[in-house]
Amino acid sequence: MLVCLAKNSFVRIFGDIGYIISQLTKQDKIYDINGKIFLQQITRKPKSIDEIVNDLMKIYTGADREELAGDFADFVNELETEGFVVSGMTEDEINAKMPSFSYSQHNRKTAPRTEFDTSPDAQATTEFLAKYFRNKPHLFSFQFELTSRCNERCRHCYLPGSRDFHDLETELVISILDQLAEMGTLKVTFSGGECLLHKDFIPILRHAREKDFSISILSNVTLLNNEIISAVKEANIDLLQASVYSMKPEEHDYITQVEGSHSRTIQSLERLIAANIPVQISCPTMRKTYSSYKSVLEWAYSHGIKGYTDYIMMARIDKSTDNLANRLTLDETKSLLEDIINYDIEYRTILDAGAEPAPLDPEEHVCGAGIDTMCIAADGKFYPCSGFQGYPLGNAHNLSVSEVWDNSEALKKLRAVKWRDFPKCMKCEAKPYCAMCMVRNLNETGSIFTVSKHFCDVAFINKRLVEEYKRAQR
């Protein structure tokens with residue numbers, strides 16, 4: 001019998017624990033030292049179970065071989081039942097059984113979820129990793145701003161249009177991907193600007209696949225061609241996210257400031273869906289487009305994909321706030337939130353599940369920036385996340401990723417920030433409905449600790465509407 005890792009499964013080792021996740025089902029599991037050792041024996045290349053047991057006998061010296069073989073067989077059976085691994089008598093049999101993403105699948109990962117498991121066990125992995133990374137920061141995910149150039153000029157963008165334009169040098173990107181692989185990073189995201197403008201986007205994408213990352217792409221998709229679609233398909237990405245601001249072309253094009261951008265975006269999304277490439281829609285809502293969110297959701301659902309909105313909007317990284325002129329008023333936010341509650345299937349499912357938010361832990365980090373994630377901008381500077389470009393950590397032209405991750409004084413200061421440093425938030429009854437974010441604070445108010453009143457007002461509107469919805473369901 002042969003066994004190998006499913007092509008959508010990824011294994012990472014964090015100290016004494018083993019971690020496996022499927023980008024197809026979004027399920028994951030954590031194992032202790034013995035499970036970690038077992039996981040390390042299962043590779044992308046099919047291996048015979050007898051061969052693996054022989055290797056395990058070298059680790060567990062003196063163990064009973066039959067008992068060890070039985071334990072490993074049980075381990076494989078459990079993982080295969082959950083879709084993490086594939087077994088078979090031949091490689092051809094394994095290839096025939098290998099699960100792949102398709103829009104024809106019943107529980108495809110891009111479709112809105114209509115059920116949520118609120119049991120304690122369902123949250124165990126997320127909570128365990130959050131606590132684990134609290135004391136042992138691990139670079140779990142990394143974002144590349146491949147270029148600061150963009151072929152659209154979106155009115156709400158947090159990147160100022162006046163900044164200098166850069167492309168990350170291909171050699172530097174390749175080097176960083178190699179470093180991340182050595183560090184055990186799981187996820188990489190390619191963005192911009194518009195990442196498809198980078199002249200070596202395809203070679204970079206292929207190298208990321210060779211290094212066995214779970215890959216995401218953020219793109220406006222207007223530059224897609226057959227070569228790019230083929231490369232993205234071959235790379236077996238986790239997800240490609242594109243923005244659709246409205247199903248009215250004139251409204252979408254008003255936001256991008258590029259005539260015909262809506263038509264090109266929709267056509268490209270349809271081509272990606274036809275190619276069985278997983279996509280989802282982001283629909284940032286602004287004063288011009290907030291009443292169009294429902295129609296964007298309807299289009300997304302009709303094509304079997306998720307749609308979601310960000311209605312807060314973030315000031316620019318240079319702390320200019322002219323883009324916030326497009327931000328919704330409180331009355332407009334209320335109208336949008338009513339549409340989200342009434343028409344967003346996944347959000348309503350969460351509400352109907354009835355899970356109560358856990359109380360804030362004062363010693364918990366506010367977010368994962370610098371704890372399990374980091375990014376690099378097109379000029380080669382490292383930042384905690386893509387919007388956090390007012391908080392530089394170091395430069396890739398003279399520092400390695402690990403040197404920044406382990407030694408950056410700026411990063412150490414950020415890691416020291418906990419919820420206890422936001423005493424008003426700790427006491428706020430609307431906190432479970434709030435989108436407070438240190439990056440948004442910094443870009444808009446100049447300090448990560450100073451929360452814009454707009455965020456607070458929106459949180460209380462959200463709280464009131466959710467409570468009204470829940471009362472109406474009783």
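The values are calculated or read from the model by the stated rules, or taken from the named source; none is laboratory data. As the structure is a prediction and not an experimental result, all values here were calculated from the model. Heads up, the Cβs are rebuilt from the backbone with ideal geometry, glycines too, and the neighbour counts pull from every protein chain shown. Protein only, heavy atoms only, side chains kept; ligands, DNA and RNA dropped before computing areas. Shrake-Rupley method; radii C 1.70, N 1.55, O 1.52, S 1.80 Å.
Data for the structure
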quantity	calculated
Within region 386-409, tally of residues that are closer than 19 Å to Met438 by Cα and open to solvent by 40 Å² or more (accessible area, probe 1.4 Å)	3
Every pair of residues 6+ apart whose Cβ atoms lie under 9 Å, when the first sits in region 252-265 and is without any contact (Cβ under 8 Å) to a residue 24 or more places away in the chain while the second is open to solvent by less than 60 Å² (accessible area, probe 1.4 Å) and of a type in the set (A, V, I, L, M, F, W, C)	His262/Val244; His262/Met247
Listing of helices (runs of 4 or more DSSP H) fully contained in region 35-108 that carry 1 or more residues being within 28 Å of the chain's Cα centre (by Cα)	65-81, 91-97
Residue satisfying condition, being in contact with a helix residue (DSSP H, G or I) (Cβ under 6 Å, 6 or more places away or on another chain) and modelled with pLDDT of 95 or more, within set Phe75, Phe84	Phe75
Whichever residue in region 13-24 is buried (at least 17 other Cβ atoms within 10 Å of the Cβ) and of a type outside the set (A, V, I, L, M, F, W, C) and, among such residues, is farthest from Tyr103 (Cα to Cα)	Gly18
Test result for Ala369, in contact (Cβ under 8 Å) with a residue 40 or more places away in the chain, in contact with a Cys (Cβ under 8 Å, 6 or more places away or on another chain) and under 29 Å from Ala130 (Cβ atoms)	yes
Residue satisfying condition, being free of Cβ contacts under 8 Å to residues at least 24 places away in the same chain and either open to solvent by less than 50 Å² (accessible area, probe 1.4 Å) or over 23 Å from Ser175 (Cα atoms) (or both), within set Ala377, Ala358	Ala358
Filter result for the condition that a residue is farther than 23 Å from Ser104 by Cβ, of a type in the set (Lys, Arg), surrounded by fewer than 22 Cβ atoms within 10 Å (Cβ to Cβ) and under 24 Å from the mean Cα position of the chain (by Cα), over Arg316, Arg348, Arg264	Arg348
Boolean, Ser214 is under 16 Å from Arg149 (Cβ atoms) and open to solvent by less than 20 Å² (accessible area, probe 1.4 Å)	no
Unique residue being open to solvent by 40 Å² or more (accessible area, probe 1.4 Å) and in contact with a Phe, Trp or Tyr (Cβ under 8 Å, 6 or more places away or on another chain) when the list is Lys29, Lys45, Lys58	Lys29
Evaluation of Gln280 against (1) outside any helix (DSSP H, G or I); (2) open to solvent by less than 20 Å² (accessible area, probe 1.4 Å); (3) over 27 Å from Gly446 (Cβ atoms); (4) at pLDDT 95 or above (one fails), failing number	(2)
Lone unmet requirement of (1) more than 19 Å from Tyr308 (Cβ to Cβ); (2) outside any loop (DSSP other than H, G, I, E, B) for Pro392	(2)
Among residues of region 157-183, those that are modelled with pLDDT of 95 or more and either out of contact with any Phe, Trp or Tyr (no Cβ under 6 Å at 6 or more places or on another chain) or farther than 30 Å from Ser22 by Cα (or both), counted	16
Residues that are open to solvent by 10 Å² or more (accessible area, probe 1.4 Å) and in a strand (DSSP E or B), drawn from region 134-144	Ser141, Gln143
Pair list, Cβ under 6 Å, 6 or more apart: region 171-182 residue in a helix (DSSP H, G or I), other residue open to solvent by 40 Å² or more (accessible area, probe 1.4 Å) and at pLDDT 95 or above	Leu177/Lys211; Ala181/Lys211
Test result for Arg471, of a type outside the set (S, T, N, Q), modelled with pLDDT under 95, in a helix (DSSP H, G or I) and open to solvent by 40 Å² or more (accessible area, probe 1.4 Å)	yes
Residue within region 191-210 that is open to solvent by less than 30 Å² (accessible area, probe 1.4 Å), at pLDDT 95 or above and polar (S, T, N, Q) present	yes
Qualifying residue in region 430-451 (condition: more than 30 Å from His166 (Cα to Cα), touching a residue at least 40 places away in the same chain (Cβ under 8 Å) and assigned to a helix (DSSP H, G or I))	yes
Boolean, Ile228 is of a type in the set (Val, Ile, Thr) and free of Cβ contacts under 8 Å to residues at least 60 places away in the same chain	yes
From the options Tyr245, Tyr301, Tyr293, residue that is over 18 Å from the mean Cα position of the chain (by Cα), touching a residue at least 40 places away in the same chain (Cβ under 8 Å) and part of a loop (DSSP other than H, G, I, E, B)	Tyr245
